[in-house]
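Chemist: For reference, the structure I am asking about is given below.
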Amino acid sequence: MRKILYGAVILILILLSFRYCGFKDDGHQQLEEHSALIEKTLKNVGKLVVTEGEYAEVFTYEDSKEFYLDILTATKKALVVANAKATISYDLSKVETSIDETTQTVYITNIPEPELTINPNLEYYDIQQDLFNPFEAEDYNVIKSKVTNTLRKKIEASSLYTNAENRLITELHKIYILTNSLGWTLQYDATPITNITDFEKLLD
């Protein structure tokens, strides 16, 4: 009788051990599945976020040169109409992240700076030039550079950057939704992300 009791106890202990190991393996497998899903999602949102704007400006270009002891002046000038397309983009493939499975935390360690690209289309009108000061290839390069710099200052002060930032926050919020739904924590550097407004504060 005693041997039967010993045998039954040993059998129960063996069954409980297998069941515990089974639960432990299931938990670890689920953790690995969550990690793989998060990593895949981080790669999928690594697309280019673009905001576009079109601008039209009119510029006057003038250049003068003096000759013969500054007695004579040769002037060239032109009316320049610039139609430009500007794009602001965030290359989200450059977002740096790391995953800590132990604490179930996803860390965003770096968000790339916005990239502004300006493609001006220039049309020249009322071109006036002097025999001693004609238009040359360098003049067109100077005009394009001045037009681009002027447009850049205006675009940086416009709402285009704000629109691009809003698009960025929308994309980053997808990461938060995923991690939150799996019971994980999202942090940017040392700051926990609990809602979409936290991204807005970090990008200010």
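Chemist: Along the charge dipole of segment 100-204, pointing to its positive end and built from +1/-1 on Cβ of Lys, Arg, Asp and Glu, which listed residue (122, 185, 102) has its Cα farthest out?
Modeler: Farthest along the dipole direction, towards plus: 185.
Chemist: What does the net charge come to around residue 108 if you take all other residues with beta carbon closer than 13 Å to its beta carbon, with K and R at +1 and D and E at -1?
Modeler: Surrounding charge for residue 108 is -3.
Chemist: Kindly provide the pair-distance distribution of segment 130-204 built from C-alpha pairs, with 10 Å bins from 0 and whole-percent values in order of increasing distance.
Modeler: So the P(r) values, bin by bin, are 15, 28, 18, 15, 11, 8, 4, 1.
Chemist: Where the only charges are on Cβ atoms (+1 Lys, Arg; -1 Asp, Glu), what is the dipole of segment 100-204 about its Cα centre, to the nearest 20 debye?
Modeler: About 280 debye.
Chemist: Continuing with the same structure: Report, by chain and number, residues whose modeled amide H sits under 5 Å from the one on residue 105, excluding near sequence neighbours (fewer than 5 apart, same chain).
Modeler: Distant-sequence amide H within range of residue 105: 100, 185.
Chemist: Across the Cα atoms of segment 80-204, what radius of gyration and what greatest pairwise Cα-Cα distance (Dmax) are found, in Å?
Modeler: 22.3, 77
Chemist: What spacing in nm lies between the two simple spin-label points modelled at residue 66 and residue 195, each 7 Å away from Cα in the Cβ direction?
Modeler: Placing both labels 7 Å beyond Cα along the Cβ direction yields 6.6 nm.
Chemist: Take the alpha carbon atoms of segment 77-102, find their center, do the same for segment 114-178, and report the distance between the two centers in whole angstrom.
Modeler: 12 Å
Laboratory data are not the source of any read-out in this text; all were calculated from the coordinates shown. Remember, it's a predicted structure, so these values are computed and weren't measured experimentally. All Cβ positions, glycine included, derive from the backbone under ideal geometry; neighbour counts span all protein chains shown.
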